[in-house]
Amino acid sequence: MDRLTVIKDAAIAIDLERIVWVGPEADLPPIDDPAPNEIDALGRTVVPGFVDSHTHFVFGGYRDEEFLWRAEGVPYMEIHERGGGIATSVNATRAASVDELMALAGNRLARMLELGVTTVEGKSGYGLDLETELRQLAVMSRLSSLQPVDIVPTYLGAHSIPMEFKGDPSGYVDYMIATVLPRVHEQSVARFCDIFCEKGVFELEESRRYLEAAAALGFKLKLHADELYRLGGAGLAAETGAISADHLLKADPVDLVKMANAGVVATCLPLTAFVLREPYPDVKAMMTAGCAVALASDLNPGSCYSQSIPLMFAIAVLYMGMSAEAALTALTLNGAAALDLAGDRGSLEPGKLADALILDAPSYRHLAYHTGMNIVDTVIKRGKVVSIRS
Ligand code: NIG
Ligand code: FE
């Protein structure tokens, strides 16, 4: 993760939406096109488009009051247990129309694009009933064709126990397996299935049952694992062959080794730790275990109402001990790996999608150094300039 290939005075040749050649400009072969469209980066830095592999960007309502209660010291899970937290967003999302959700989520995507995000994962999980979960997923699929950011949809029905199944997590898991998962599968509206595997939400055995049912239908798996309590979600991710396990603030180092052996990407969400004032993920332990580490925003209405790539980069380098190189890899190639898309994007290589950013800086190091500032000038998505600042 620390080794980047840096090419000075480089050129990138793009045919339609894919990269066909990368190297020093002096070696660029003649282009067989009478009028190639040229973008001059003016000596600045070009990096791959960012892949934000964990967000919950489709939701109704806000939870600013809870944010301030937490600022005064009320724990996140206490608000959840009192019937607030995710349930507040579920009520607001159930009440929101497709058009309302489209407008809210579309705005969030536009902000992400300016920050350099060219691929984003988005989760359902604020409906918890069949109709609203499908509505959230439908919003993602409609937005996919209306704006440039590629959206990778995830079904997260197992985000919380809805009031209809209060005290009966097993009954809710049965309902998802029998009623919701088959419909989501039939409509092909989600690539991944995810679960909030956490003490007092979905415990290990319920999580395993749900994940195995999802895998049997052909979904790829993700887990919110070991965020607030060491339950063993990281080990379960390894056992179920998940593509990524995310959060991992309390993960057992032994489980991290199991993840590394099973090829599960360890996704760190430092903005959530920042907002919840939890210790940052132990990225050294993840790397020592041999895990590929990704960084993602976790944008959501509760634990982290932020998609700030610049703040995340600063935290990763200043407080988590990541090098600028590792942080950049974590937000590009490893973010793509966390979506099982590393063969297709996440680095500037021939054959991959031409998703690239021109930074208003002489080096990628400024992503951390120009602290908390957006230094993305131009965003190129699938070969087209889709956002330009200067
Ligand atoms: O990834 N922890 C569970 N899910 C989200 C938070 C959701 C919420 O608070 O609305 C997370 O942090
Ligand atoms: Fe999350």
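Mind pulling the angle between the C-alpha long axis of helix 98-114 and the longest principal axis of the chain? Nearest 10 degrees, somewhere in 0 to 90. Its long axis makes an angle of about 40 degrees. GNM on the chain, alpha-carbon springs under 10 angstrom: the most fluctuating residue among Glu25, Glu186, Glu38 is Glu38. Counted over the chain, the DSSP beta bridges are approximately 40% antiparallel.
In this entry, the range 138-260 is assigned a mean projected area of 8.0 nm², taken as a quarter of its C-alpha convex hull surface. Once the Cα atoms are used to define both axes, helix 130-144 deviates from the longest principal axis of the chain by about 10 degrees. Placing +1 on the Cβ of every Lys and Arg and -1 on the Cβ of every Asp and Glu, with nothing else charged, gives the range 33-124 a dipole about its Cα centre of roughly 220 debye. For the range 98-189, the C-alpha radius of gyration sits at 1.17 times the compact-globule guess of 2.2 N^0.38 Å, with N the residue count. Look at where the Cα atoms of the range 33-108 and of the range 125-201 average out, and the two centres are 16 Å apart. The residues of the range 174-323 present an accessible area of 35 Å² per residue when probed at 1.4 Å with all protein chains retained. Dipole magnitude for the chain: about 180 debye, using +1 per Lys or Arg Cβ and -1 per Asp or Glu Cβ, origin at the Cα centre.
Surface composition of the chain: carbon and sulfur atoms hold 54% of the protein heavy-atom accessible area at a 1.4 Å probe. Between the residues Met102, Gly218, Thr329, the greatest Cα displacement towards the positive end of the dipole of the range 50-337, with unit charges on the Cβ of Lys, Arg, Asp and Glu, is found for Thr329.
Computed with a 1.4 Å probe on the full set of protein chains, the accessible area for Asp2 sits at about 90 Å². The 1.4 Å probe gives accessible areas that order Leu359, Leu318, Leu276, largest first, as Leu318, Leu276, Leu359. What FRET efficiency comes out for the pair Lys166/Ala215, r = Cβ-Cβ distance, R0 = 35 Å, nearest 0.05? Calculated transfer efficiency: 0.80. Other residues lying with their Cβ under 14 Å from the Cβ of Ser303 contribute a combined charge of -4, Lys and Arg counting +1, Asp and Glu -1. Can you give the direction-averaged projected area of the convex hull of the alpha-carbon atoms in the chain, in nm²? Projected area, direction-averaged: 18.6 nm².
The values are calculated or read from the model by the stated rules, or taken from the named source; none is laboratory data. Because the structure is predicted, anything quoted here is derived from the model rather than measured. Note that we place each Cβ from the backbone using ideal geometry, even for glycine, and neighbour counts take in every protein chain shown. For the accessible areas, the whole protein counts, side chains as well, though only heavy atoms, and no ligand, DNA or RNA atoms are used. Shrake-Rupley method; radii C 1.70, N 1.55, O 1.52, S 1.80 Å.
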